[in-house]
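**Student:** There's a structure below that I have some questions on.
The values are calculated or read from the model by the stated rules, or taken from the named source; none is laboratory data. Bear in mind that the values here come from a model prediction, so they are computed numbers and not experimental data. Using ideal geometry, Cβ is built from the backbone for each residue, glycine included, and neighbour counts are taken over all protein chains shown.
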Amino acid sequence: MNYTGNLRDVLTLAHEMGHGIHFYLARKQSLMNFDAPLTLAETASVFGELVMTQALLREERDLTVRLALLCIEIEDMIATVFRQNVLTRFEQQVYRKRREGLLTGEEIGELWWQANARLFGDAVEMIPEYRYGWGYISHFIHSRFYCYSYIFGELASLALFQKYEEEGPSFLGQLIRLLERGGSGTPHDLLKEAGVDVEQADFWEKGFRVIGGLIDELKSLGPWERICVDPRG
């Protein structure tokens, strides 16, 4: 990676190191089941990034840096959970509509517009050209129904982190065993071995509580609208 020492690079390093740890722990698996299923491929990386974020927040006293750090994490989480949900719902609607016949670009654009409007509400004004925003997302063509895995993986990783926050170091053994399994089981079974059941709503709520906690912390820091900046620039 191109490491220049800014805040984004530090978090990216923690994220990519998580992937490296995941690969290293799964090395005992065969070539056929080494790679984790797509829905769990970001488990170690998101977990590592959150560990780094919490460590930086504990030590950082500069308000602007704390705000920037929180903004980066929250924006990434919203983009991964909520925006990817928009993409998934849009794709589902397109295929439902396609059963009735061929769709024009305008009809697809209208479905795209409706799906995004549910996310943005009155907070964002979408320009007319955005009706064709679906056209630049290659997943819809090359990896159909791919986007849901981002939502699943992000929330699962956040929920595992919340479980770690609740249980402390004793949880790490379960997490390591999960990573060691690579792709040798279904996401449901691998997570169940780590002590969580994806069929239970409270597991997913743990992930949303992590997001909510970061937003609450951001709000507690004062007039953040005035000084929240993007350190990536």
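**Student:** Restricting the search to the range 51-65, which residues are in contact (Cβ under 8 Å) with a residue 24 or more places away in the chain and either over 15 Å from residue 8 (Cβ atoms) or of a type in the set (Val, Ile, Thr) (or both)?
**Tutor:** As a first pass, look at the range 51-65 and keep what is in contact (Cβ under 8 Å) with a residue 24 or more places away in the chain: 51-53, 56-57, 63-65.
51, 53, 57, 63, 64, 65 - these are the residues of the range 51-65 that are in contact (Cβ under 8 Å) with a residue 24 or more places away in the chain and either over 15 Å from residue 8 (Cβ atoms) or of a type in the set (Val, Ile, Thr) (or both).
**Student:** Just to be sure I understand the filter: pairs with C-beta atoms under 7 Å, separated by 6 or more residues or on different chains, first member in the range 162-180 and at negative phi and buried (at least 17 other Cβ atoms within 10 Å of the Cβ), second member in a helix (DSSP H, G or I) and among the small types (Gly, Ala, Ser). Which pairs pass?
**Tutor:** Short answer, once both residue conditions are applied: 162/207; 179/26; 179/44.
**Student:** Tell me which residues, restricted to the range 100-121, are within 22 Å of the chain's Cα centre (by Cα) and hydrophobic (A, V, I, L, M, F, W, C).
**Tutor:** Scanning the range 100-121 gives 112, 115, 117, 119, 120.
**Student:** Which residue is surrounded by the most Cβ atoms within 10 Å (Cβ to Cβ), if the candidates are limited to the range 68-112 and must be at pLDDT 95 or above and aromatic (Phe, Trp, Tyr)?
**Tutor:** Here the answer is 112.
**Student:** How about the range 92-115: which of its residues are at negative phi and not in a helix (DSSP H, G or I)?
**Tutor:** As a first pass, look at the range 92-115 and keep what is at negative phi: 92-100, 102-115.
Across the range 92-115, the qualifying residues are 99, 100, 102, 103, 104.
**Student:** For the structure I just gave you, tell me whether residue 44 is assigned to a loop (DSSP other than H, G, I, E, B), within 19 Å of the chain's Cα centre (by Cα) and either under 16 Å from residue 191 (Cβ atoms) or at pLDDT below 95 (or both).
**Tutor:** No, not satisfied.
**Student:** Of (1) of a type outside the set (Asp, Glu); (2) at pLDDT below 95; (3) more than 14 Å from the chain's Cα centre (by Cα), residue 20 satisfies all except one. Which?
**Tutor:** With (1) of a type outside the set (Asp, Glu); (2) at pLDDT below 95; (3) more than 14 Å from the chain's Cα centre (by Cα) applied to residue 20, the lone miss is (2).
**Student:** Could you list, in sequence order, all residues of the range 96-154 that are closer than 30 Å to residue 43 by Cβ and of a type in the set (S, T, N, Q)?
**Tutor:** 116, 138, 143, 149
**Student:** Considering only the range 8-21, I want to know if a residue exists there that is closer than 17 Å to residue 190 by Cβ, of a type in the set (A, V, I, L, M, F, W, C) and touching a residue at least 24 places away in the same chain (Cβ under 8 Å).
**Tutor:** Checking the range 8-21: at least one residue is closer than 17 Å to residue 190 by Cβ, of a type in the set (A, V, I, L, M, F, W, C) and touching a residue at least 24 places away in the same chain (Cβ under 8 Å).
**Student:** Taking into account only those residues within the range 15-32 that are of a type outside the set (A, V, I, L, M) and part of a loop (DSSP other than H, G, I, E, B), which is surrounded by the most Cβ atoms within 10 Å (Cβ to Cβ)?
**Tutor:** In this case the residue turns out to be 29.
**Student:** Here is a list of conditions, (1) surrounded by 17 or more Cβ atoms within 10 Å (Cβ to Cβ); (2) under 19 Å from the mean Cα position of the chain (by Cα); (3) touching a residue at least 60 places away in the same chain (Cβ under 8 Å), and residue 35 meets all of them except one; can you say which number that is?
**Tutor:** (1)
**Student:** Which of the residues belonging to the range 138-154 are over 26 Å from residue 207 (Cα atoms) and either surrounded by 10 or more Cβ atoms within 10 Å (Cβ to Cβ) or of a type outside the set (Gly, Ala, Ser) (or both)?
**Tutor:** Within the range 138-154, the first condition is being over 26 Å from residue 207 (Cα atoms), and the residues that meet it are 138, 140-142.
Across the range 138-154, the qualifying residues are 140, 141, 142.
**Student:** Here is a follow-up. Does the range 113-122 hold any residues that are under 30 Å from residue 15 (Cβ atoms), surrounded by fewer than 18 Cβ atoms within 10 Å (Cβ to Cβ) and either among the aliphatic types (A, V, I, L, M) or touching a helix residue (DSSP H, G or I) at 6+ places or on another chain (Cβ under 8 Å) (or both), and which are they?
**Tutor:** Once the filter is applied, which keeps residues that are under 30 Å from residue 15 (Cβ atoms), surrounded by fewer than 18 Cβ atoms within 10 Å (Cβ to Cβ) and either among the aliphatic types (A, V, I, L, M) or touching a helix residue (DSSP H, G or I) at 6+ places or on another chain (Cβ under 8 Å) (or both), the range 113-122 yields 118, 119.
**Student:** Considering each of 64, 12 in turn, give the residue that is in a helix (DSSP H, G or I) and modelled with pLDDT under 90. Spell out how you get there, then give the answer.
**Tutor:** Values: 12 fails: modelled with pLDDT under 90.
Result of the check over 64, 12: 64.
**Student:** Could you say which residue among 118, 89, 144, 131 is of a type in the set (Lys, Arg), touching a residue at least 12 places away in the same chain (Cβ under 8 Å) and not in a helix (DSSP H, G or I)?
**Tutor:** Being of a type in the set (Lys, Arg), touching a residue at least 12 places away in the same chain (Cβ under 8 Å) and not in a helix (DSSP H, G or I) holds for just one of 118, 89, 144, 131, which is 144.
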